[in-house]
Amino acid sequence: MKAAVTAHPRYVVSEIDPRLYGSFIEHLGRAVYTGIYEPGHPTADANGMRRDVIDLVRELNISIVRYPGGNFVSAYNWEDGVGPKHERPVRLDLAWHTSESNEVGLHEFADWCASANTEMMLAVNLGSRGLDEARNFLEYTNHPGGSEWSDKRIANGRKEPFDVKLWCLGNEMDGPWQIGHKTADEYGRLAHETAKAMRAFSKSLELVVCGSSNAKMPTYPEWEATVLDHTYNEIDYISLHMYFDNEANDAPNYLAMSEKLDDYIASVAGVIAYVKAKKRSSKQVYISFDEWNVWYHSKEKDKKILGGNDGWPFAPPLLEDIYNFEDVLQVGLILNTFIRRSDVVKIACLAQLVNVIAPIMTVANGPAWRQTIFYPYLFASLYGRGNALDLKVESPTYKSIVAGDVSYVDVTGVHDTKTGHVTFFAVNRHSSEAIETVIDVAGFGAADIADYQVMTHADLKAVNSAENPGNVVPKKGSGASVAGGKLSLSLPAYSYQMIRLK
Ligand code: AHR
């Protein structure tokens with residue numbers, strides 16, 4: 001089989017916002033406790049943060065981390081997580097049926113972000129709370145001093161403001177499972193008034209309003225239209241979430257789901273355009289895809305704790321999906337979709353980062369290790385920065401149930417105009433055939449292969465583990481060549497690859 005691709009530096013979709021490579025830490029399961037924070041761990045720093053985890057997060061080069069939830073935020077009192085640790089209350093977390101010690105809060109997380117070389121994206125609680133708590137939280141976080149809440153921050157040991165720019169106005173408020181769930185009109189009004197108050201504090205904030213929790217919600221896409229109707233001129237982004245599963249154990253359809261993601265983005269971009277026109281607005285709202293990942297491997301196991309049958313455990317193992325090789329392909333396809341849609345998707349957060357549906361896992365008092373999906377995220381985050389190229393792709397296709405005709409070859413290209421590198425990320429969805437692929441790169445001038453990494457495995461269900469972290473890892477590719485302005489490479493059956501030219 002053969003595929004042909006044309007790339008040219010002048011054919012550009014958009015410059016990629018670095019925040020396309022964001023992630024998410026929620027107070028959920030072992031994400032915080034025994035994930036990023038474990039005071040007794042041999043690698044713990046002076047703040048009790050695991051240095052081995054920080055090193056892996058730094059390796060991923062993550063631009064922003066959303067915090068503190070997720071469903072958790074909808075009944076969270078941010079004040080519980082500041083001040084002397086011994087005075088902080090233990091609370092029952094209603095979202096995940098666990099106990100929250102509040103040992104980690106805003107200050108600890110901010111210090112962790114500085115160590116991990118990333119920035120905070122904060123969420124305010126618009127479930128059980130509202131405008132007043134949001135504006136106090138903002139004042140505490142961002143005001144230099146001389147007011148009640150900013151002086152409390154200073155008294156708590158932090159003189160300089162945290163200066164957080166990006167704020168989520170609640171989480172998944174369309175979901176009946178959410179504490180304080182609202183109708184689109186109720187939420188739209190509240191989000192508008194909260195945004196107005198936050199903007200009165202600072203015009204330079206970037207605000208994210210909740211879109212749909214997924215494209216199967218009965219209120220989608222009317223939710224987006226109503227919420228944007230209320231908020232369009234006060235906010236900057238509408239948030240979308242989507243999780244992928246292969247419960248049906250049907251690889252061809254599983255790997256076609258990224259086409260549904262593409263539809264979801266295109267439809268919401270259409271709703272944004274509709275509301276923009278309706279409001280005669282010159283302002284452009286973008287998408288913050290602030291939760292995405294594969295999530296299903298752990299669902300059966302989690303039922304007991306989530307059903308309340310274990311009482312209120314502290315930091316139990318929840319949502320600890322162990323990812324396989326098939327998920328590498330899926331994550332590669334999702335990232336390719338975001339790159340192709342980087343004209344409308346400016347922010348995207350891999351949900352989540354440590355232990356909870358995460359690329360990084362830890363053993364309490366033991367090692368931290370990389371899941372299979374660590375690698376496609378790593379390559380996109382390292383090299384998917386610059387201009388997303390508008391590629392012309394000719395590939396053989398197959399028929400899927402979920403998305404009709406789907407290309408076997410899914411490929412994106414990113415041109416880093418600062419370094420001159422052009423990088424291609426390609427997935428071959430074919431189960432048994434290699435695809436001989438030629439990419440026309442003549443427009444980039446003479447090019448050599450700077451790096452070529454391939455992930456493939458005889459077993460789609462192969463996983464990594466603490467004992468065997470090297471089972472599913474990238475290997476140096478071979479056989480690719482550039483001649484006469486054409487890059488030729490063979491994409492093995494069921495494979496992910498990253499190839500860089502300079
Ligand atoms: O990421 C896990 C959960 O998924 C989040 O808490 C929630 O926002 C979503 O439903």
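Reducing the range 199-219 and the range 266-303 to their Cα centroids gives an inter-centroid distance of 9 Å.
Shape descriptor for the range 345-417: Rg over Rh equals 1.09 (Cα atoms; Rh from the Kirkwood inverse mean 1/r).
By how many nm would the segment from Glu15 to Ser281 lengthen if fully extended, with 0.36 nm per residue of separation less the alpha-carbon distance?
Details: separation 266, 0.36 × 266 = 95.76 nm, distance 2.31 nm.
Full-extension gain reported as 93.4 nm.
Output the 0 to 90 degree angle, nearest 10, between the alpha-carbon long axis of helix 325-340 and the longest principal axis computed from the alpha carbons of the chain. Roughly 80 degrees, rounded to the nearest 10. For the range 209-291, the relative contact order is 40 percent, taking Cα pairs closer than 8 Å that sit 6 or more residues apart in sequence and dividing their mean separation by the residue count. With respect to the chain, whose longest principal axis is taken over its alpha-carbon atoms, helix 51-60 is tilted by about 50°.
Please report the relative contact order for the range 17-383, taking Cα pairs under 8 Å with a sequence separation of at least 6, and give it as a percent rounded to a whole number. Please list the in-between numbers first.
Values: 745 pairs, mean separation 82.1, N = 367.
Relative contact order of the range 17-383: 22 percent.
Here the range 209-335 was treated as a single set of alpha-carbon atoms; its pair distances binned every 5 Å from 0 give 2, 9, 17, 16, 14, 14, 12, 9, 4, 2, 0 percent. Inter-label distance, Tyr274 to Arg51: 5.5 nm, where each label sits 7 Å from its Cα along the C-beta direction.
Converting phi to 3J(HN,Hα) with the Karplus coefficients 6.51, -1.76 and 1.60 and the offset θ = phi - 60°, the range 235-242 yields 10, 10, 9, 10, 8, 10, 10, 7 Hz in sequence order, with x at every glycine or proline.
Report relative contact order for the range 302-446 in percent, whole number only (criteria: Cα-Cα under 8 Å, sequence separation at least 6).
19
Per residue of the chain, the DSSP helices (runs of n ≥ 4 H) give a summed -39500 (n - 2.57) that works out to -8000 deg cm²/dmol at 222 nm.
In the range 408-502, one over the average inverse separation of all distinct C-alpha pairs is 14.2 Å, which is the Kirkwood hydrodynamic radius. Helix 374-383 axis versus longest C-alpha principal axis of the chain: approximately 80°, rounded to the nearest ten. In terms of the mean number of neighbouring beta-carbon atoms within 10 Å, the peptides 78-86, 16-24 order highest first as 16-24, 78-86.
Across the range 74-175, the fraction of Cα-Cα pairs farther apart than 24 Å, rounded to a whole number, is 21%. The stretch between Glu467 and Asn249 holds 75.9 nm of extra length on full extension. This uses 0.36 nm per residue minus the Cα-Cα distance.
Per-residue packing, averaged as other Cβ atoms within 10 Å, sorts the ranges 360-372, 94-106 into the order 94-106, 360-372, beginning with the highest. Using the Cβ-Cβ distance between Ala266 and Thr219 with R0 set to 22 Å, the FRET efficiency works out to roughly 0.75. Temperature 25 °C, viscosity 0.890 mPa s: under these conditions the Stokes-Einstein estimate for the range 277-407, based on its Kirkwood radius over C-alpha pairs, is 139 µm² per second. If you plug the beta carbon distance of Ala450 and Asp343 into 1/(1 + (r/R0)^6) with R0 = 22 Å, you get a FRET efficiency near 0.25.
The alpha-carbon atoms of the range 140-274 define a convex hull whose volume equals 151 cubic angstrom per residue. For the range 17-383, the share of DSSP beta bridges that are antiparallel, to the nearest 5, is 20%. From largest to smallest, the equivalent ellipsoid semi-axes obtained for the chain from the alpha-carbon gyration tensor read 37, 26, 22 Å.
If you restrict to DSSP beta bridges whose two residues both lie in the range 256-387, what percentage is antiparallel, to the nearest 5?
Details: 3 of 8 bridges.
The antiparallel fraction comes to roughly 40 percent.
Just so you know, all these numbers are worked out from the coordinates, no wet-lab data involved. Remember, predicted model here, so these are calculated numbers, not experimental data. Every residue, glycine as well, gets a Cβ built from its backbone with ideal geometry; the counts of neighbours run over all protein chains shown.
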